[in-house]
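Chemist: Structure provided below as structure tokens; questions to follow.
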Ligand code: ADP
Ligand code: MG
């Protein structure tokens, strides 16, 4: 149920985002957790690039959520939930969880009940170098075989 990866640098983090993007479709939700500077936005940038997202994928801190049209027509919605304390506040954004691919930074614990299936990605910094320890967990029926799909 859980994949653990050691990601040596920012380029490798973008590549991981691209690998994830290949699995995603409308209605999918990815929740990113990890401290400031962990690489949440970097991963999302790689994911967006692989989807052909228009517009720069940057930290959406001041707008909370940004919608990027993509090549497939399914938009990428990139959310920074840092300043949202509760699930209720995130709910008030009225995001299109069914029609978009939604990626939420700082979303851990704030998305309960929003989807039956979602992917949690926790990023931890290694104290010695730039390496990030990434833990990817699929929840719900859609991601029952996420480990194999990531490996394949
Ligand atoms: P967050 O969104 O989690 O706050 P960012 O992705 O904005 O983090 O920033 C991560 C920073 O760390 C970037 O400047 C990136 O270039 C750098 N970095 C160095 N090593 C890595 C790595 N292994 N994975 C991701 N980012 C890395
Ligand atoms: Mg960020």
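Chemist: Hey, what D do you get for region 1-132 in µm²/s if you plug the Kirkwood alpha-carbon radius into Stokes-Einstein at 25 °C and 0.890 mPa s? Write out the running numbers ahead of the final one.
Modeler: Details: Rh = 14.8 Å.
D, rounded to a whole number, is 166 µm²/s.
Chemist: Between residue 94 and residue 3, with labels modelled 7 Å along Cα→Cβ, what's the label distance in nm to one decimal, could you check?
Modeler: 3.6
Chemist: Evaluate the distance, in nm, between pseudo-label points positioned 7 Å from the Cα of residue 128 and of residue 71 along their respective Cα→Cβ axes.
Modeler: Label at residue 128, label at residue 71, 3.9 nm between them.
Chemist: Return the calculated 222 nm mean residue ellipticity for the chain, to the nearest 500 deg cm²/dmol, obtained by summing -39500 (n - 2.57) across DSSP H runs with n ≥ 4 and dividing by the residue count.
Modeler: On the way: 4 runs with 35 residues, N = 152.
The helix-only estimate for the chain comes to -6500 deg cm²/dmol at 222 nm.
Chemist: Here's another thing I want to ask about it. Report, to one decimal in Å, the Kirkwood hydrodynamic radius for region 85-152 based on all distinct Cα pairs. List each step's numbers first, then the result.
Modeler: Details: mean 1/r = 0.0718 Å⁻¹.
Mean inverse Cα-Cα distance, inverted, gives 13.9 Å.
Chemist: Right, another one. When the Cα centres of region 17-74 and region 101-152 are compared, how far apart do they sit, in Å?
Modeler: Each part's Cα centre sits 13 Å from the other's.
Chemist: Follow-up. So in region 1-130, what percent of DSSP beta bridges are antiparallel if you round to the nearest 5? Please list the in-between numbers first.
Modeler: Working: 4 of 17 bridges.
Counting DSSP beta bridges with both partners in region 1-130, the antiparallel share is about 25 percent.
No value in this document is a laboratory result; all are computed from the given coordinates. Here the structure is a predicted model, which is why all the values come from computation and not from measurement. When we count neighbours, we look across all protein chains shown, and the Cβ atoms used for this are built from the backbone with ideal geometry, even at glycine.
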